[in-house]
Amino acid sequence: MTHINTIKRSLIVPLVAVLFMVFTLPTEAKGQNKKALLVGISNYPSAHENAWDSIHGTNDIRLIAGTLKTIGFSVTEICDNRATCESIKKSLSTLTSNCQIGDTVYIHFSCHGQPFEDFDGDEDDGWDESIVPYDAQMRYAKGVYEGEHHITDDMLSIYFSNIRKAVGPTGFVFVVIDACHAGGSSRGEEDEESFYRGTQSSFTPNGKTYRPRINTQGNFHVKSMKGMSQIIILEACRAYQTNCEILQDGSYYGPLSYYISKVMDTPSYNISNMQWVNEVKKMMEGDSRLIRQNMVYETSIR
């Protein structure tokens, strides 16, 4: 979601090594606690003309929460009407305050995403990416809704940096964003049973037309400073792509969430026979339903 700095060379080998240490070594060897904050929205309010279509974000949370609890995480879930902008920000702040040096932190968002007009000039293409909380509306309407409940990548970056400082160099932060930011519509035009986590419409007070910059790179470098933990951010698709839910065993899921859960649930899950992020990427690439999207990862690991 947030392509924070310039592109670097492929980081799969060190990335896999760190993920192995984070999720498979005993807690005493890598930190004091394991904490998770999971945000999922399925049913957005429909009482206004700028309403978002319903999706299935809470299905993801049920999958991921169960998996994380089995490997020792303390899990906080915020779903549907509890997942307001204020609640998400407060939960991120509380998580930061509760973190200790050496902690492992997992943060997960399964919701809509939307391009958001950039106002501070830090985006080359003029657009931030944003996640869409329960109380965020789709379009700008002066005096009615002016974007105050969207959460942009700039905002998230501040929270992530603060958490990285809180857990320190011996801690670790892992973020999953199972949303999309452009292309398509909330419901597929050619298939009424397709669900997309985003909208073709950008959020713009100035009437700007969203023209995404096509960047086909699959990994990006995240800036790091002394005293910070390492971080890995997994995103379900590139910024210009659509994230399409998949139907599995009668239920819809975000594809990134589904395949993360599938990999972490594997009994033989360890570094000797499974490359964690690479395996998730391979599963998504092998799913014919996902030929129009590509998983992206960002990391501070060099």
Restraint check, 35/142; 69/281; 208/281; 34/226; 90/281, Cα-Cα greater than 30 Å: 35/142; 208/281; 90/281
Accessible area per residue in Å² at 1.4 Å probe, computed on region 52-159: 40 Å²
Run the 1.4 Å probe and let me know the accessible area of residue 253, rounded to the nearest 10 Å². 40 Å²
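The values are calculated or read from the model by the stated rules, or taken from the named source; none is laboratory data. The model shown is predicted, which means the values in this text are computed figures rather than measured ones. Ligands, DNA and RNA are excluded from the accessible area calculation, which covers all protein heavy atoms including side chains. Shrake-Rupley method; radii C 1.70, N 1.55, O 1.52, S 1.80 Å.
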